[in-house]
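The values are calculated or read from the model by the stated rules, or taken from the named source; none is laboratory data. Being a predicted model, the structure only gives us computed values, none of them experimental. Heads up, the Cβs are rebuilt from the backbone with ideal geometry, glycines too, and the neighbour counts pull from every protein chain shown. What goes into the accessible areas is simple: the full protein's heavy atoms, side chains included, and nothing from ligands, DNA or RNA. Shrake-Rupley method; radii C 1.70, N 1.55, O 1.52, S 1.80 Å.
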Amino acid sequence: FALFLINRILSGAAEAAASGADEALAYDSLAREGNIDDWDTVLERQMRYRAAASILAMSLGAAVYDPALMEKAAGWLGFDRTFTQADTLRFPLFLTLGMALMALIATLRMREVPVEETQECSEPGSCGATFREAFRITLAAGKWILQTPFALVLILTGLLFDHIIRMLLTLNSQYFRMITLPEATFGLIGSGMAVLGLFIPRVAKLLAERFTPRFNFGILILLTFAGLIGMTFFWPIWGLVPMLVLYSVMLLSTFFLSRYLNRITDSRQRATVLSFKGLSYNLAYGIIGILYSLLLAGLRWRVTDVHPDFADPILENRVFMISIEWFPWYFLATATVLLIFARRKLRSTQEYKQIG
């Protein structure tokens, strides 16, 4: 437990430190060395490469975890070796370490694009040189978000899709069992969902180029509500389709948010603003996790009171099915509040005129 705790603390700190920095570096580098209008193409390719890497990682991870397959592979290489599950359990960890080393090498080759000098940073190296300056930049970025209606609405919109869909993706194993999918297919389904990442970014790029942000996010709201309603039916096997719709919404939302938010954010605070976005996403995900736990507790008590003869598996399945029925209406309520808030915030701003 102690090792797992240390691992989560270190990985969480690493994610927080990198959050927003990589995307900001890439965007600023493109602005300095190339054509910023190519960001859509860069983002599309990055998402497709990540999807391909996910497919490879899931397939390879499942393969090296199988002792019998590893023994055959060793035989093909001329080694006579017997593997146990305890041996193969470590192989994905070794592969992760190898990937981490390659990521470290790539990171060490990165060079940060210098920010143009301003009155606030008149001397080279003065920006961010102290913790006080770092906190000042962070507070300034937070203030800018609150004072920039379009940025605030963008982050809240992305948060709306992210925390609900990510919660459901966390529960996908139980959902797959409820729609009669064999557990042996879960890995294949994960790879199949990753395949969407090879095609959805292209669709996102076309939508972003042809339509306004208001239209694109309106489509995402309709798709999300349709997907959430579809999940409540628990169609055997075909119930996978609503989950694929929601996963596609996640990919589309990621593309749109990166495109729109980077375009309106100054390079001096781009990384910090993107970090605020990531922080808000994680906070919302944590909050909905707590709310969902409370919902399950209340539903379990209510179902037990009505059906005291239900055995544990039947009880848990019934509670889960009822809990999924809450998601469409929770999304509808929060989306309605967001739309009212966005209309009031953007009505008299230049951004509202830009989005049509």
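Things worth noting here:
- Top-ranked residue of region 298-356 - restricted to ones that are hydroxyl-bearing (Ser, Thr, Tyr) and modelled with pLDDT under 80, ranked as least open to solvent (accessible area, probe 1.4 Å): 349
- Residue match in region 35-49 (condition: more than 25 Å from the chain's Cα centre (by Cα) and closer than 28 Å to residue 208 by Cβ): yes
- In region 151-190, residue surrounded by the fewest Cβ atoms within 10 Å (Cβ to Cβ) [restricted to those that are of a type in the set (Phe, Trp, Tyr) and closer than 17 Å to residue 239 by Cβ]: 186
- The one condition in (1) at pLDDT below 90; (2) within 31 Å of the chain's Cα centre (by Cα) that residue 102 fails to fulfil: (1)
- Being among the hydroxyl-bearing types (Ser, Thr, Tyr), in a helix (DSSP H, G or I) and surrounded by fewer than 20 Cβ atoms within 10 Å (Cβ to Cβ) is true of residue 293.
- Qualifying residue in region 193-206 (condition: without any contact (Cβ under 8 Å) to a residue 12 or more places away in the chain and surrounded by fewer than 20 Cβ atoms within 10 Å (Cβ to Cβ)): yes
- Test: residue in region 262-278 that is open to solvent by less than 30 Å² (accessible area, probe 1.4 Å), closer than 24 Å to residue 212 by Cβ, at pLDDT 95 or above and in a helix (DSSP H, G or I): no
- Any hit, region 27-45, residues being over 30 Å from residue 257 (Cα atoms) and in contact with a helix residue (DSSP H, G or I) (Cβ under 6 Å, 6 or more places away or on another chain): no
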